[in-house]
Amino acid sequence: MTRIRPIATISFIVLTLGLAWLVALPLWGSGGLASPLFGVLVPVMMFTPTIAAVAVMLILRPVPRGQRLRFLGMWPLRPARRVVWMTVIGLFAPFVLVVASVFVAALCGWVQLDLVHFSGYAEVLAASVPAGTPLPPAGIAIAAQLLLIPVAAATVNAFVAFGEELGWRGFLVPALRPLGTWPALLISGAIWGVWHAPIILLGYNFGRTDITGVLLMTGGCIAWGILLGWLRLRSASVWPAVFAHGMMNATAALVGLLYAAGTTYDMALAGPLGVAGWIVCAVVVVVLGVTGQFRRQPELSSRPAAQHPLRPSSAADPLG
């Protein structure tokens with residue numbers, strides 16, 4: 001197991017948090033979530049963990065040249081069967097968990113669902129177009145969106161999720177792993193949550209502009225971060241976590257498609273990053289723990305097998 005010097009880990013955390021604030025700062029003086037810059041700066045902010053990880057790798061060199069892509073979980077993709085199956089799990093399991101969180105919220109009385117007429121979404125859809133505009137039935141519109149979710153999750157959403165995952169699960173989780181599996185998962189999840197503070201304090205996700213919003217986001221990121229971290233450790237690859245994160249983002253607003261007209265819901269309770277999501281994630285974590293899945297961790301950064309003399313391993317490592 002490659003042990004990362006504490007200065008490298010601390011530098012990554014400080015640099016990532018600082019870059020996030022630097023990127024998001026223009027939003028604080030230009031309308032916050034309503035700013036025309038929001039749709040541009042948030043995707044840029046999502047790449048700050050990758051920028052920090054690459055900077056630490058190149059400047060502080062905590063991992064020897066030739067092993068950096070392996071340490072980050074980017075390459076090689078072997079054994080291929082394990083990586084592929086874990087990626088499939090990563091892509092589709094979050095959808096199931098988010099759906100489960102919606103029903104948990106309904107059972108707890110945090111949201112009232114309309115699974116027949118989808119009246120809440122129908123109202124939103126009607127309000128988004130000029131009066132009298134013909135619209136398809138809400139159920140058909142929702143079905144079309146559901147069919148597109150895996151495509152969006154595996155393409156655009158996975159691309160921007162990579163910007164976060166190379167830092168959080170690619171670098172930080174294995175950097176913290178010498179502390180133990182659970183400290184690595186919990187600490188990385190908490191830092192991931194705090195990193196969102198520049199936009200959470202503007203009201204993003206929970207509509208709360210004080211510390212409670214940051215605490216809610218941190219709780220959600222710890223809950224989901226344990227599962228994303230498990231994908232990383234179980235597969236020895238960052239890619240399952242990348243696609244899982246992409247699916248999480250693609251389905252984050254699912255409850256908004258299913259609620260009943262004339263009712264309201266609080267994302268702090270009914271959202272996938274809220275209490276309903278925590279409950280679902282906790283159940284899955286318990287199942288994984290009871291079945292010993294957290295103990296099954298292939299080496300993340302062992303040296304690659306001997307290479308053919310004409311194919312040196314360092315040639316495939318642009319971070320070297």
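The values are calculated or read from the model by the stated rules, or taken from the named source; none is laboratory data. Computed from a predicted model, the values in this text were never measured in an experiment. Heads up, the Cβs are rebuilt from the backbone with ideal geometry, glycines too, and the neighbour counts pull from every protein chain shown. The accessibility values were calculated without ligands, DNA or RNA, using every heavy atom of the protein model including side chains. Shrake-Rupley method; radii C 1.70, N 1.55, O 1.52, S 1.80 Å.
Here are some notes:
- Counting only alpha carbon atoms, the long axis of helix 80-107 and the longest principal axis of the chain meet at about 30°.
- Solvent-accessible area per residue for the chain (1.4 angstrom probe, square angstrom): 46 Å²
- By the Stokes-Einstein formula, at 0.890 mPa s and 25 °C, the range 94-231 with its Kirkwood radius over alpha-carbon pairs has D equal to 139 µm²/s.
- In angstrom, the C-alpha Rg and Dmax of the range 57-97 are 14.3, 41.
- With the gyration tensor restricted to C-alpha atoms of the chain, the semi-axes of the equivalent ellipsoid amount to 36, 22, 19 Å, longest first.
- Normalised by 2.2 N^0.38 Å, where N counts its residues, the alpha-carbon radius of gyration of the range 1-90 equals 1.40.
- Those residues of the range 243-271 whose amide nitrogen sits under 11 Å from the label point placed on Ala131, 7 Å along Cα→Cβ: none
- Calculated FRET efficiency, Gln145 to Val88, Cβ-Cβ distance, R0 = 22 Å: about 0.55 to the nearest 0.05.
- The charge dipole of the chain, taken about its Cα centre with unit charges on the Cβ of Lys, Arg, Asp and Glu (plus for the first two, minus for the last two), comes to roughly 1680 debye.
- Under-5 Å amide H pairs with Leu113, H placed in peptide plane, nonlocal only: Ala260
- Cα-Cα pairs of the range 82-159 separated by more than 18 Å (percent): 58 percent
- Start at zero, step by 5 Å, and the Cα-Cα distances of the range 29-162 spread as 2, 7, 9, 12, 14, 17, 14, 9, 7, 5, 3, 1, 0 percent across the bins.
- Spacing of the modelled spin labels on Ser30 and Arg65, each 7 Å from Cα toward Cβ, amounts to 4.0 nm.
- Surface accessible to a 1.4 Å probe, Leu15 within the full protein complex, Å²: 70 Å²
- Relative contact order for the range 153-285, counting Cα pairs under 8 Å that sit 6 or more residues apart, in percent: 30 percent
- All Cα-Cα separations within the range 198-270 were binned at 5 Å from zero, giving a P(r) of 3, 14, 18, 21, 18, 14, 7, 3, 1, 0, each value a whole percent of the pairs.
- Extending 7 Å from Cα along the Cβ direction at Trp21 and again at Val44 yields two label points whose distance is 1.8 nm.
- Between 0 and 90 degrees, the angle of helix 211-235 with respect to the longest Cα principal axis of the chain falls at about 50 degrees.
- Backbone N atoms of the range 204-226 closer than 14 Å to the 7 Å Cα→Cβ label point of Ala190 belong to residues 215-216, 218-223, 226.
- With every protein chain in place, the chain: carbon and sulfur % of accessible area (1.4 Å): 71 percent
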